[in-house]
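Everything on this sheet refers to the single structure shown next.
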Amino acid sequence: MNLAPSLPLYFMSVLELPAWAINEIEKKCRGFLWKGDEDAAGSCSLVAWEKLCLSIEQGGLGIRNLCLMGIALRTRWIWLRRAEPERPWMRVAPLADRKSLHCFAAGSKVLLGNGASTSFWCDSWLPDGGSVQYRFPILFSFVKLSDITVAAALCDNSWIADIRGGLSVQAMGEYLALWDVIAGISLDPGSTDSMIWKAAPNGDFSVQSAYSILSAGRTSCPLGKIIWKSRAPVRCKFFMFLAVRNACLTADNLQRRGWKLAPICHLCSKDGESCQHIFQACTFSQQVWVKVQARLSLSCSPPSSDFAGWWLAARQTVAKIDRKTFDAGVILVTWLIWKERNARVFEGTASSVTQLCATMCEEWETWKSAGLVTSLNVAAVPALERSQTL
């Protein structure tokens, strides 16, 4: 999915594409993901595109957000202009837009030397790593923007001349605070200014680290990495990604889309059907999990209200080297419970708990033959013989 917009990104590294162009590109990407076609109606999308563009650690698919990626790419030009001004093409480098300037200010930090090449107002040279314009925004609103350097600004407090108009009470407070900060600054005439990129461990700029800054601030999803690093087949991982997001087409989700149907669970015929019910609370699924856990010798109870918490706790009972295989087993059980539900809905066939567990054994052996998984060090489901009754 990240290869599809490669050509647009080539242009976005220089130019800021209009919103309509980005929307058209993302529309084609959505169509490819959900239907394998260039176009797909909104009803075909099971998860919002913005959520798919989150990192795997944040619960997404790690698809690049084109707008943010374009900003990160254009931020690179600003970095190169400052870090390597001797490059021959620097005079024809594209002009920086406001968004990339904000990204650069958030990620960069100047280590002051003589202060001769550092912007007093815009560069991040303050002791806390911030810039004057972001640390003192109210005062900055009274500033006639100039390119005065730190060296020139600190000479006889020349920075004061850039302030225009009568200051408000809040601006005066920031003015006095900035004065105190500047009082503690001392320059070294014998050394030049240097710049580091705060988001990178080695201090060097990278587009990836700039993109991370732009996409930061989201909550993490503990199962994101676990799902995609498991040894299950990709289609099963993708299903599990939908399941933990409650995005499978269960009765409750279909009703939200305008479908007229009975909301009853097809596995237990008792309660309303939802992802949470099918994989956790359904009595049929509970029987499956109980028997699987008996073979896994797990001390925790079957998943009920908190599937993620159960999964995280259960995998701790398995040797670390076997956890990716164990995760694949959890995905297999969930996947086959869902297939059993679909068989009852679309084919009118039903399997017992024993039959479903036997099917799990067959499927696991197929995965083992393909080299995806190995046997666990505990008495797990893969070790069951088909003839055994769970």
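Brief remarks on what is shown
- Per-residue Cβ neighbour counts within 10 Å put 67, 29 in the sequence 67, 29, beginning with the fewest.
- Inter-probe distance in nm under a simple model that places probes 7 Å from Cα toward Cβ, at residue 128 and residue 345: 5.3
- Under a 5 Å amide H cut-off, with hydrogens placed 1.01 Å from N, residue 111 pairs with 194, 195, 196 among residues at least 5 apart or on other chains.
- Between 0 and 90°, nearest 10: helix 19-35 axis offset from the chain longest Cα axis: 20
- Acute angle (nearest 10 degrees) that the helix 98-107 long axis makes with the longest principal axis of the chain, alpha-carbon atoms: 80
- Our estimate of slack between residue 95 and residue 249, defined as 0.36 nm per intervening residue step minus the Cα-Cα distance, is 50.7 nm.
- Förster radius 30 Å - calculated FRET efficiency between residue 316 and residue 202 (Cβ-Cβ, nearest 0.05): 0.30
- Inter-part distance where segment 129-172 and segment 327-348 are each reduced to a Cα centre, Å: 63
- Overall, the chain carries a charge dipole of about 1040 debye about its Cα centre when +1 sits on the Cβ of Lys and Arg and -1 on the Cβ of Asp and Glu, all other atoms neutral.
- Efficiency of FRET from Cβ geometry, residue 183 and residue 102, R₀ 30 Å, rounded to 0.05: 0.60
- Residue 10 versus residue 270: modelled label distance in nm, points set 7 Å from Cα along the beta carbon direction: 6.0
- Karplus-derived 3J(HN,Hα) values for segment 363-373, using 6.51 cos²θ - 1.76 cosθ + 1.60 with θ = phi - 60°, are 5, 5, 4, 5, 5, 5, 4, 7, x, 7, 10 Hz; glycine and proline are entered as x.
- Amide hydrogen neighbours beyond the local backbone of residue 373, cut-off 5 Å, H modeled: 368
- Counting neighbouring Cβ atoms within 10 Å and putting the fewest first, the residues 266, 102 line up as 102, 266.
- Seen through its C-alpha gyration tensor, with square-root eigenvalues sorted a ≥ b ≥ c, segment 64-124 comes out oblate because a/c lies at 1.5 or above while a/b is not bigger than b/c.
No lab work stands behind these numbers, since they all come straight from the coordinates. Predicted model only: the values in this text are computed from it and were never measured. Virtual Cβ from ideal backbone geometry, glycine too; neighbours counted across all protein chains shown.
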